[in-house]
Amino acid sequence: MNAMSRLTARIDDNVRELVFDALLSTGVAPSRAEVAAQASLPESQIAGSFERLEEGHVFVLQPQSRELLMANPFSARPTPFRVSAGAKAWWGNCIWDALGIIAMTGKDGDLQTSCPDCGEGFTLQVRDGKLLAAETIAHFTVPAAHWWDDIVFT
Amino acid sequence: MLLFRSEEHASNWSAVWNQPFGSLLSLEQVWGLAQAWYGEDRRRPEWRRKTLDEAREIFAGLGLTSSFWKL
């Protein structure tokens, strides 16, 4: 790895840390400008880092603004998967990611979603690291090898 | 990756929206995936995405061995 690659890798690690820290602590995805201010770097450098982190399947960016859409397991935009733990709340991208948010916090948490077929609502609860039983089943539409063909639809 | 009341509801939804019927997972399997995939702190500088072999090992450990889960 040459000096330039080492520098961009360090920037990308720093950006990843700042984004996940903001999401975990506030539930809100930071903008490029906010990350730039925190990292004391020009916004253009953060834009480049966002693109590299998307290429590396760490972030997914909005198609036009190139701001964050996903930093898996978090969604920057509202979804049908609402997660809460303590006084904090987040949006998950899917059932896997929503439960992943609770796993990432390491805390007790609740997940609210509903059956896409009939609209019946569910609240799943994780307590002491265990997911409490519920009469539901998960369905994955897209085979694993094709998830990143279009990660917004899986 | 959605949560349904039952297999019948997942099947109805797939038919109505003209989507392929994919793979059904129990809640325990999804929670296992969530813990294995996201249990690490992604803020740490040394964090890296799972390798293909690591992903295959996680799927196999949860009994996800059909062609749907092949990477």
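Taken together, the values in this text are just the output of simple stated rules run on the coordinates, not laboratory data. Being a predicted model, the structure only gives us computed values, none of them experimental. Here the Cβ positions follow ideal geometry from the backbone for every residue, glycine too, while neighbour counts run over all protein chains shown.
Computed quantities for the displayed model
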read-out: Residue in region B:48-69 that is at positive phi and not in a helix (DSSP H, G or I) present; value: yes
read-out: Qualifying residue in region A:25-38 (condition: farther than 28 Å from B:M1 by Cα and of a type in the set (K, R)); value: yes
read-out: Single residue of B:Q35, B:Q29 found to be at the interface with chain A (Cβ under 7 Å from one of its Cβ atoms), assigned to a helix (DSSP H, G or I) and not aromatic (F, W, Y); value: B:Q35
read-out: For A:T123: the one exception among (1) more than 9 Å from chain B (Cβ to nearest Cβ); (2) of a type in the set (V, I, T); (3) without any contact (Cβ under 8 Å) to a residue 60 or more places away in the chain; (4) surrounded by 17 or more Cβ atoms within 10 Å (Cβ to Cβ); value: (4)
read-out: In region A:20-33, the residues that are closer than 13 Å to B:R43 by Cβ, of a type in the set (A, V, I, L, M, F, W, C) and more than 9 Å from chain B (Cβ to nearest Cβ); value: A:A22, A:L23
read-out: Among residues of region B:6-15, those that are surrounded by 13 or more Cβ atoms within 10 Å (Cβ to Cβ), in a helix (DSSP H, G or I) and facing chain A (nearest Cβ under 7 Å), counted; value: 4
read-out: Which numbered condition B:S23 fails, given (1) among the hydroxyl-bearing types (S, T, Y); (2) more than 8 Å from chain A (Cβ to nearest Cβ); (3) within 16 Å of A:I95 (Cβ to Cβ); value: (2)
read-out: Count of residues meeting criterion [within 12 Å of the chain's Cα centre (by Cα), surrounded by 14 or more Cβ atoms within 10 Å (Cβ to Cβ) and of a type in the set (A, V, I, L, M, F, W, C)] in region B:16-61; value: 12
read-out: Any chance A:T113 is hydroxyl-bearing (S, T, Y), in a strand (DSSP E or B) and out of contact with any Gly (no Cβ under 6 Å at 6 or more places or on another chain); value: yes
